[in-house]
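Have a look at the structure below before the remarks.
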Amino acid sequence: MSAVLNQERRGRRTTRPPQRRPILSPAESRTLVGVAFRIPGIFIAIIATVVLVTLVSVNSELTGTFGAIAGLWFAIHQVPLSIAGTSLGVFPLLPTLVLAVAVARGVARTVSESTTRREAGWTLGAAVLGPLVVTAVALAVAADASAAIGLQSPHALLAFAWVAGVHAISAAAGLVYGAWNLEPVSRRVPTWIRELAAPTVRAASVLVAGSAAIVLVAMVASWSTLEMLLDAGNGFVGFLGLTVLSVLYLPNVILGSLAVAVGSSAHVGDVSVSLFRTAGGPVPPLPILSVLPEGPAQTVWMAMLIVPVAAGVFLGRDCARRTVDVHYALSSVWLGSAVLGVTALILGFAAGGALGTFGTVQVTVWSLGLLVFALVAVVGSVAAAVTAWRGGSKQAVDETDPVRFEPVAAIAQPVEQQSVEREGVVHEDRAVEAEVVEEPGVDDSATDAPVVSAEADAEIVDVVDAEVVDPPSDDEPGGVTQGDESAAGGVTQTDESSKG
């Protein structure tokens, strides 16, 4: 009995609980750390370099270096700041867009065929959590440097919200971009939706290019004002600083010109510009703002409507050419227009804010998004309908699809080859066996009958009458009817058996 108990005790001691699999492997952990901190680290290094170069170039002390770095980190993420009691909420969009593209590309590199939903979730969380950690450090640094440079630490909740929003949208776009052409996504997403990406990007490019052309024309028209504002820099350093600042604010101005082009309005303090009316007022001495008109609205400004009309035409034509069904083309146009409208709304909201004593710089956000959507959708629907009506849509048979292209290849075969292949074909549904009925007493050599000349009226030629075989009845399937060609060795199958 004691031996049995000792054996049970030894068995209990040697029994070990099953080992649990770690949540993340070492390779996955290294990948997530890179996603979380690589892009923020690069931008912090760039910001530090810019701050040091700027302070050294103006012979300033390096006391508030860390505070300036923290302030620029907030400015890149469009977080409103207060410097020496002056509210500043409108920041250049160009650094924010560059950051968004960098985050999206970094996340897209981590997506592959074997990526699961769990891994995609971890990647998205890491892409947001890393910048939030940097933001927490920046908040502490800004609070410590408030006495040195007059920078007040922004509201923590607002700062975390802006940083999380920018990186979440960018990381989600990177995941979608990286998995867009993968096989699992291709099986789940309809074809007409997957083919919508290229037309939508092209329409967005038309909107951006058209708005940039409007800015360029306005800049040329007010070249004297632009030169005067650049000369106010007092030296090469000031000229360079104003030029760089104008380039950084260029996307904001392009967005304002887009708002005017679609019928909305743009505001810089008391200055208001739209297609129908303008209002004057003081503006900041920034050279890029020389594009603002100095007089009342003119009728020629209605030509700016060409920009959204052209975007709608391109979107509708491309959507109609990529699908056979007109309903799918119209659905693609409206979905792409909705994407463009929402994107314009988000960018319009991010581009606005307070500008100290000048007031608020903004576009009318709700009308910008709504008018971009409406104009592009209506014009694109008309363009898609016209393109489909003129026969510009994709053909029903796709030559790249071997399953669909096979019957076309069979039709293109020579007639002799098709007749040979059709002999003895069995119908797959009814399983009809074709029977070849031979005419008794007819030799194959008889097919080489001599040609009788019309002039030899003295000779009599016997003509062998062809035997007509009745078509098979319902009880006897598979019969083959021979016509007059049976004497020449030809066999004609019934219509039912030839369908095979």
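Quick look at the values:
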quantity: The stretch 56-100, accessible surface, carbon-and-sulfur percent (1.4 angstrom probe); calculated: 71 percent
quantity: In sequence order, calculated HN-Hα J values of the stretch 137-148 (Karplus, 6.51, -1.76, 1.60; Hz; x Gly/Pro); calculated: 5, 5, 5, 5, 5, 5, 5, 6, 8, 5, 6, 7
quantity: Pairwise centroid distance, computed over Cα atoms, of the stretch 34-50 with the stretch 317-337, Å; calculated: 41 Å
quantity: Label-point gap, in nm, between SER87 and THR49 - each point 7 angstrom along Cα→Cβ; calculated: 3.6 nm
quantity: Heavy-atom surface of the stretch 329-382, accessible at 1.4 Å and reported per residue (Å²); calculated: 44 Å²
quantity: Heavy-atom accessible area order for ARG390, ARG277, largest first, 1.4 Å probe; calculated: ARG390, ARG277
quantity: Mean separation of Cα contacts under 8 Å, 6 or more apart, over the residue count of the stretch 74-170: relative contact order %; calculated: 40 percent
quantity: Accessible surface ranking that places the most exposed of VAL283, VAL53 first, with a 1.4 angstrom probe; calculated: VAL53, VAL283
quantity: Label-to-label distance, nm, for residues given as ALA140 and LEU245 (7 Å Cα→Cβ offset); calculated: 3.3 nm
quantity: Solvent exposure, largest accessible area first (probe 1.4 Å, DNA, RNA and ligands not counted), of HIS327, HIS77; calculated: HIS327, HIS77
quantity: Accessible area (Å², 1.4 Å probe, nearest 10) - PHE43; calculated: 30 Å²
quantity: Segment ARG390-ALA27, extension gain: residue separation times 0.36 nm, minus the distance between their alpha carbons; calculated: 125.1 nm
quantity: Estimated vicinal HN-Hα couplings, Hz - the stretch 123-131 in sequence order (Karplus 6.51, -1.76, 1.60; Gly, Pro = x); calculated: 5, 5, x, 5, 5, 9, 5, x, x
quantity: Accessible-area value, ILE346, 1.4 Å probe, nucleic acids and ligands omitted, Å²; calculated: 80 Å²
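The values are calculated or read from the model by the stated rules, or taken from the named source; none is laboratory data. Note that the coordinates shown come from a computational prediction; the quantities given were computed from them, not determined experimentally. Positions of Cβ are backbone-derived with ideal geometry, glycine not excepted, and every protein chain shown enters the neighbour counts. Just the protein is used for accessible areas: all its heavy atoms, side chains included, with ligands, DNA and RNA removed. Shrake-Rupley method; radii C 1.70, N 1.55, O 1.52, S 1.80 Å.
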